[in-house]
Amino acid sequence: DVKVTQSSRYLVKRTGEKVFLECVQDMDHENMFWYRQDPGLGLRLIYFSYDVKMKEKGDIPEGYSVSREKKERFSLILESASTNQTSMYLCASRNPWTGEKLFFGSGTQLSVL
Amino acid sequence: AQSVTQLDSHVSVSEGTPVLLRCNYSSSYSPSLFWYVQHPNKGLQLLLKYTSAATLVKGINGFEAEFKKSETSFHLTKPSAHMSDAAEYFCVVSEDNAGNMLTFGGGTRLMVKP
């Protein structure tokens with residue numbers, strides 16, 4: 001089975017801190033995604049990467065950046081965390097050559113105080 | 001532009017009774033449509049997908065969905081609910097040929113009463 005691992009299940013950070021959310025997948029997928037999930041809003045795409053060192057903005061990239069130095073790892077960075085970035089963050093990966101199915105990690109619940 | 005509306009934020013059914021989770025979409029092109037399920041403390045899992053083949057799509061765990069272009073709907077159904085079906089369900093639309101730009105609905109939380 002594909003495994004998408006997010007390094008932290010829960011994180012608590014203070015306003016202004018730099019925050020790194022890490023995601024690793026073990027199936028050599030080219031595409032990786034970061035979403036945030038908020039009640040009533042579903043999942044919204046922050047950034048995606050279609051290959052190493054490639055990135056594209058999603059629907060809500062403001063306040064975030066990403067890094068994809070290796071194929072298996074996709075990092076989401078909050079340069080200066082703010083309280084409105086308190087949310088559940090979900091990482092996903094996909095093999096674009098075999099279909100559109102996304103494989104999701106279990107999520108990181110980030111609280112910014 | 002594409003959008004997805006899940007008409008009910010919460011649905012409650014009794015075990016053994018039918019399930020209906022409603023989804024309407026708007027899309028400029030022929031979309032791909034999906035249903036994902038999220039169980040508590042777990043990642044999302046693909047239930048089923050429609051990609052312009054048969055309009056009635058069968059998924060895992062006895063779920064199915066029917067694509068109705070005239071009604072721009074993609075409702076999810078199951079004949080008989082099980083306690084393990086309690087979860088949050090997301091309807092998703094994709095217009096992007098590469099499948100990178102998905103739009104998620106707001107989610108429907110399904111509760112199953114014994």
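For chain B, the Cβ-based charge dipole about the Cα centre amounts to some 120 debye (Lys, Arg positive; Asp, Glu negative; other atoms uncharged). For a 23 Å ceiling on Cα separation, which of these pairs sit above it: A:LYS3/B:LYS113; A:LYS3/A:LYS53; A:LYS71/B:LYS49; A:LYS3/B:LYS78; B:LYS42/B:LYS113; A:LYS71/A:LYS101? With Cα atoms farther than 23 Å apart: A:LYS3/B:LYS113; A:LYS71/B:LYS49; A:LYS3/B:LYS78. Each Lys or Arg adds one and each Asp or Glu takes one away; over the other residues whose Cβ falls under 15 Å from the Cβ of A:GLU72, this sums to +1.
Just round it to a whole percent: the fraction of Cα-Cα distances in segment B:23-114 exceeding 24 Å. Roughly 17 percent, once rounded to a whole number.
Sparsely packed loop sites in segment A:65-100 (the GluC sites (Glu not before Pro) outside DSSP H, G, I, E and B with at most 13 other Cβ atoms within 10 Å) comprise A:GLU79. The overall shape of the protein assembly as shown is prolate: from the C-alpha gyration tensor, with semi-axes ordered a ≥ b ≥ c, the ratio a/c is 1.5 or greater and a/b exceeds b/c. Averaged over the residues of peptide B:101-113, the number of Cβ atoms from other protein chains lying within 10 Å of each residue's Cβ is 4.
Considering all alpha-carbon pairs of segment B:60-108, what whole percent are spaced by more than 12 angstrom? When all Cα pairs of segment B:60-108 are counted, 73 percent exceed 12 Å. In terms of overall dimensions, segment A:4-112 has a Cα radius of gyration and Dmax of 13.0, 41 angstrom. So which residue, out of A:PHE20, A:PHE33, A:PHE74, gets the largest mean-square fluctuation from a GNM of chain A using Cα contacts under 10 Å as springs? So, out of A:PHE20, A:PHE33, A:PHE74, the one fluctuating most is A:PHE20.
Taken together, the values in this text are just the output of simple stated rules run on the coordinates, not laboratory data. The structure displayed is predicted, hence computed values, not measured ones. Counting neighbours? That spans all protein chains shown, and the Cβs are built from the backbone with ideal geometry, glycine included.
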